[in-house]
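This report concerns only the one structure given below.
The values are calculated or read from the model by the stated rules, or taken from the named source; none is laboratory data. These numbers were taken from a predicted model, which means no experiment stands behind them. Virtual Cβ from ideal backbone geometry, glycine too; neighbours counted across all protein chains shown.
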Amino acid sequence: MHRPVTFILLFFIAMLAGCSRQEAPASATGAGTPNHLVETAVVRSESIAATALRTGSLRAQREIQILSQEEGRIVALPHFAGDVVKRGDLLLQLDDTLLAAQLRKSEAQRRQMELDLSRLQRLIRNQLVSEEELARARTALDIALAEEQLLRTRLEYTRIIAPFDGVISLRRAEPGDVVPSFTHVLTLTDLTSLLTTTSVSELLLPFLAVGDAVSIHIDALGAAPHPGRILRIHPSIDAATRQGVVEVALDPVPAAARPGQLCRILFTGRPQIRRVIPFAALRRDNSGEFVFVLDADSKAQRQAVVSGMQLGEDIELLSGPEAGSRVVTKGFLGLLPGRKVKSVSAAPAAS
C-alpha cells in the first residue's frame, strides 16, 4: 500500500532536481549589476565673449515742452504736430501790446530821471543841493533801469523761437486762446537724438564700457540691424533683480525711427577665459548646484559647483571641476553617487 506514495515522492524529487539544473546557468549569467548608460561632455576652458539680448523702447534724448512764460492771447502758432522746424523758427507769439506800452512808459521815466540826476550833479558842485538828495536821485535812476530791463525781458518772453532743429510732436492750443503763465502749448522733439534704456545683468556689466558698439534691431523697420553705442551706464544695481541700467544711442539714427518703437539690443562683452559646460549638465536641489563628474574608475561622483553666466547652450563655472574633466549631461534617472557608468556618446565640444 505504500508503493504509490513512494513513487509519487520520487517523481517530485526528480522534477525539483531538473528545475535546479535548468535555472543554474541563468543565475550565473545574471551575476553583477550592468553599467548605467549616460552621455557626457568635457569641461572646456575657452576665450568667450558673453552676449545678451535685451528689449527696450526708443525715446528722444532732447524733447522739450514749450511753455508760455507770460499770460496773454496767442496771436501766432504757425506749426502743427509733425511739422519740421529749424533752430530760430517762430513757435509761439503772444499779444505784446500791453507790455510794449509799459516798456515805453518805463523808458520815458528813466530818461526823466537821467535828466534829474544830471541837473543835481551840476548843482552839487555849487553846493546848492545836499548829498542826500543826490543819492536819492541815483537810487531812483537805478530802480528805473531795473524796471525797464524787467519789461524788456517780459516782452521777449511773448515770442518763443525753436532752440534746436526738431519736429513738433504735440500741439495743445490754437491762435486766439488766452493762456495763463507757464501753460504747456507745444512739444518739440529732436528725432536725431533717439536712444533706449534697458536693464543688463550684473554679471555682464563689468565687461561693458561707455562707447562700446552694440547692434540694435527695430521691429518696425525690418530685420536689418542698426549700429549703436553705449551712451552711459548707471552706477547702481537693483537689489531685487540684480540688473543695472544701460542707455544706448542709435548711431546714426535711421530716417524712419520714431520714439516709442520697440527695439532689441544685442550686447557683446569683451572676451574672457571661462570654464564652461553644457547647460544640461548643471543640476540643482535643496543643497544647491552640482554636477556628476566621472572619476578614474568611470564612477559618477557628485561635485558642488557655482555657476555664472549662461552662454548660449553652455553655462560658465565659477567653481567646480577643472577643465578636461568629464561631466554627465544625460541619463540622470536612477543615477546615484558612486555608481559605475558607461558613456554611450559625448556631446560635441562646440562653443
(request) Identify, by number, the condition in (1) closer than 28 Å to residue 74 by Cβ; (2) surrounded by 14 or more Cβ atoms within 10 Å (Cβ to Cβ) that residue 180 doesn't meet. (result) (2)
(message) If I ask for residues that are of a type in the set (A, V, I, L, M, F, W, C) and over 18 Å from the mean Cα position of the chain (by Cα), which ones from the range 254-274 would you list?
(response) 255, 256, 257, 273
(request) Spot the failing condition for residue 104; the list is (1) under 54 Å from the mean Cα position of the chain (by Cα); (2) modelled with pLDDT of 95 or more, and only one is missed. (result) (1)
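Return yes when residue 274 is charged (D, E, K, R), closer than 30 Å to residue 56 by Cα and either at pLDDT below 95 or buried (at least 17 other Cβ atoms within 10 Å of the Cβ) (or both) and no when it is not. Full working, then the answer.
Values: charged (D, E, K, R): yes; closer than 30 Å to residue 56 by Cα: yes; either at pLDDT below 95 or buried (at least 17 other Cβ atoms within 10 Å of the Cβ) (or both): yes.
Answer is yes for this residue.
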(message) Residues to consider are 209, 249, 255; find the one that is among the aliphatic types (A, V, I, L, M), outside any helix (DSSP H, G or I) and free of Cβ contacts under 8 Å to residues at least 12 places away in the same chain.
(response) 255
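Kindly indicate which of 270, 258, 242 is among the basic types (Lys, Arg) and in contact with an Asp or Glu (Cβ under 7 Å, 6 or more places away or on another chain). Give the steps one after another, and end with the answer.
On the way: 270 fails: in contact with an Asp or Glu (Cβ under 7 Å, 6 or more places away or on another chain); 258 fails: in contact with an Asp or Glu (Cβ under 7 Å, 6 or more places away or on another chain).
Criteria check complete, one pass: 242.
Any residue in the range 313-329 that is among the hydroxyl-bearing types (Ser, Thr, Tyr), farther than 30 Å from residue 202 by Cα and either in contact with a Cys (Cβ under 9 Å, 6 or more places away or on another chain) or surrounded by 16 or more Cβ atoms within 10 Å (Cβ to Cβ) (or both)?
Going residue by residue through the range 313-329, those that are among the hydroxyl-bearing types (Ser, Thr, Tyr) are 319, 325, 329.
Still in the running and farther than 30 Å from residue 202 by Cα: none.
Among the residues of the range 313-329, not one is among the hydroxyl-bearing types (Ser, Thr, Tyr), farther than 30 Å from residue 202 by Cα and either in contact with a Cys (Cβ under 9 Å, 6 or more places away or on another chain) or surrounded by 16 or more Cβ atoms within 10 Å (Cβ to Cβ) (or both), which makes the answer no.
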(request) Given the conditions (1) acidic (Asp, Glu); (2) under 30 Å from residue 82 (Cα atoms); (3) in a loop (DSSP other than H, G, I, E, B), report the number of the one that residue 297 does not fulfil. (result) (2)
(message) Take the conditions outside any strand (DSSP E or B), within 25 Å of residue 97 (Cα to Cα), β-branched (Val, Ile, Thr) and outside the structural domain of residue 310 (by TED's automatic domain parsing) and apply them to residue 153. Does it pass?
(response) yes
(request) Working only within the range 95-115, note down all residues that are over 30 Å from residue 181 (Cα atoms) and surrounded by 15 or more Cβ atoms within 10 Å (Cβ to Cβ). (result) 113
(request) All but one of (1) buried (at least 17 other Cβ atoms within 10 Å of the Cβ); (2) at pLDDT 95 or above; (3) more than 35 Å from the chain's Cα centre (by Cα) hold for residue 36, so report the exception by its number. (result) (2)
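Being in contact (Cβ under 8 Å) with a residue 24 or more places away in the chain, of a type in the set (Asp, Glu) and farther than 30 Å from residue 60 by Cβ, is that true of even one residue in the range 136-146?
Here is the first cut: in the range 136-146, the residues in contact (Cβ under 8 Å) with a residue 24 or more places away in the chain are 137, 140-141, 144-145.
Applying the additional criterion that residues be of a type in the set (Asp, Glu) yields none.
No - not one qualifying residue is present in the range 136-146.
Taking the criterion of being charged (D, E, K, R) and closer than 26 Å to residue 81 by Cβ, would at least one residue in the range 227-246 satisfy it? So that I can check it myself, show each step before the final result.
Just the residues of the range 227-246 that are charged (D, E, K, R), to begin with: 229, 232, 238, 242.
Cutting the leftovers down to closer than 26 Å to residue 81 by Cβ gives us none.
Checking the range 227-246: not a single residue is charged (D, E, K, R) and closer than 26 Å to residue 81 by Cβ.
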(request) Name every residue in the range 212-244 that is over 25 Å from residue 312 (Cα atoms) and more than 13 Å from the chain's Cα centre (by Cα), in order of residue number. (result) 220, 221, 239
(message) Just checking, does the range 229-243 include any residue being within 29 Å of residue 43 (Cα to Cα) and outside any loop (DSSP other than H, G, I, E, B)?
(response) yes
